[in-house]
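The values are calculated or read from the model by the stated rules, or taken from the named source; none is laboratory data. Being a predicted model, the structure only gives us computed values, none of them experimental. Backbone-built Cβ (ideal geometry, glycine too); neighbour counts: all protein chains shown. Surface accessibility is based on the protein's heavy atoms, side chains included, excluding ligands, DNA and RNA. Shrake-Rupley method; radii C 1.70, N 1.55, O 1.52, S 1.80 Å.
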Amino acid sequence: QVQLVESGGGLVQAGGSLRLSCAASGRTFSSYTRGWFRQAPGKERELLAAISYSGTTTYYADSVKGRFTISRDNAKNTVYLQMNSLKPEDTAVYSCAASPKYLPILTASYNAWGQGTQVTVSP
């Protein structure tokens, strides 16, 4: 059974940092693009960052560029999201996903999903 499990979410004050992890099991995703999404109440799911299978190419949404960093460790089948300078508007459920395509932007291109972890940023 393929599973993606996120961890590292929680409550943090504005300006603080969190590091999210997404561990995969059941199969290897070393040849897959890995991505991080978030969804706030009443809003659509948003792609924040994606990283190519080799880790050499990344994509960031404008909303997080310069504050968030995506990385991966294929030996551990894990992808990370380092989040710095957090803002109250970053509050959302954060989910990781995997896609067999090369750095896709469309949510529909990702076919494996974690259950999500809550990130809450207080003012």
Tell me the accessible surface of V93 in square angstrom (1.4 angstrom probe, heavy atoms of protein chains only), to the nearest ten. 50 Å²
Tell me which lysines have Cα within less than 23 Å of K43's Cα, excluding those fewer than 8 residues away on the same chain? K65, K87
Note down, for the chain, the three equivalent ellipsoid semi-axes (square root of 5 times each alpha carbon gyration tensor eigenvalue), biggest first, whole angstrom. 22, 14, 14
Residues whose built amide H sits under 5 Å from the amide H of L48, excluding neighbours closer than 5 in sequence, are W36, F37, R38
Taking the Cβ-Cβ separation of L103 and Q1 as r and a Förster radius of 35 Å, what is the calculated FRET efficiency to the nearest 0.05? 0.85
Any idea of S30's accessible area? Nearest 10 Å², probe 1.4 Å. 40 Å²
Excluding ligands, DNA and RNA, the carbon-plus-sulfur percentage of the accessible area of the chain with a 1.4 Å probe reads 50 percent
Kindly state, as a whole number, the per residue volume in cubic angstrom of the convex hull around the alpha carbon atoms of the range 24-89. 101 Å³
DSSP-assigned coil residues among GluC sites (Glu not before Pro) in the range 1-106, each with at most 14 further Cβ atoms within 10 Å: E44
Are there chymotrypsin sites (Phe, Trp or Tyr not before Pro) in the range 11-117 that DSSP marks as loop and that have at most 16 other Cβ atoms within 10 Å, and which are they? Y102
If you roll a 1.4 Å probe over the heavy atoms of the protein chains, what accessible area per residue do you get for the chain, in Å²? 50 Å²
Paramagnetic reach from E44 (point 7 Å along Cα→Cβ, amide N under 18 Å) across the range 98-123: 104-111
